[in-house]
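Here the structure is laid out as structure tokens; the discussion comes afterwards.
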Amino acid sequence: MKLKYLIPVLFGVLSMAVNAAQLTKDEAQIRSNINSFSALADQGAFEYLGRLFAPKLTVDYTSLFGGEPQSVSRQELMAQWAAFLPGFDATFHDLQNMKVAVNQDEAKATVDFTASHWLGKEGYWAISGEYEFSLTKAGSNWQITSVKLNAEGEEGSRDVLAEAPKHAKDNLEARESLKVSYQ
């Protein structure tokens, strides 16, 4: 391998090692929870998704839908999302550029996102922007105490938002029937 190719490779490996060494256990748990937030929502795994949230939390989607931030229990939030998200044929919440700041038992995180939603042959809607999360240490893990969506862009038609709840119950039941017991 020529030296001019080896230097960038070595620099990349060293910078990855330095970045990995700087990641604390708390930051890793927070990053895992936020990544799980999107993956579990997309999979309709609400019983697991609910574990990521504090018993009471604030949800702020006012930049997208107007209104006021909501104070809800995690059970209420999961019921709302279970009555909506499974109504789509598919959703994908793509997260990028996560930043985490930990201050003792409190943390803030931001992440750029694009949330894509498909319904039927033609139905598509996507929202992009930034999520802001607040988290609190709960025992040995971290729980989300607030989620704020800062909308920056939109594609497709919001018409699918009214259609999805009509299919949510049946789609969720179909997905639940696919669960595998490991015991």
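The values are calculated or read from the model by the stated rules, or taken from the named source; none is laboratory data. These figures come from a predicted structure and were not determined experimentally. FYI the Cβ positions are ideal-geometry reconstructions off the backbone, even for glycines, and counts take in every protein chain you see. To get the accessible areas, we keep the full protein, side chains included, count just its heavy atoms, and leave off ligands, DNA and RNA. Shrake-Rupley method; radii C 1.70, N 1.55, O 1.52, S 1.80 Å.
Here Ala138 clears all of (1) more than 19 Å from Gly156 (Cα to Cα); (2) open to solvent by 60 Å² or more (accessible area, probe 1.4 Å) except the condition numbered (2). Return yes or no: is Asp170 out of contact with any strand residue (DSSP E or B) (no Cβ under 8 Å at 6 or more places or on another chain) and within 17 Å of Pro86 (Cα to Cα)? Against the criterion (out of contact with any strand residue (DSSP E or B) (no Cβ under 8 Å at 6 or more places or on another chain) and within 17 Å of Pro86 (Cα to Cα)), Asp170 qualifies. Being aliphatic (A, V, I, L, M) and in a loop (DSSP other than H, G, I, E, B) is the filter; apply it to region 134-183 and report the residue that is farthest from Trp118 (Cα to Cα). Selected residue: Val180. Number of residues in region 148-161 that are open to solvent by 70 Å² or more (accessible area, probe 1.4 Å) and over 26 Å from Thr110 (Cα atoms) equals 1.
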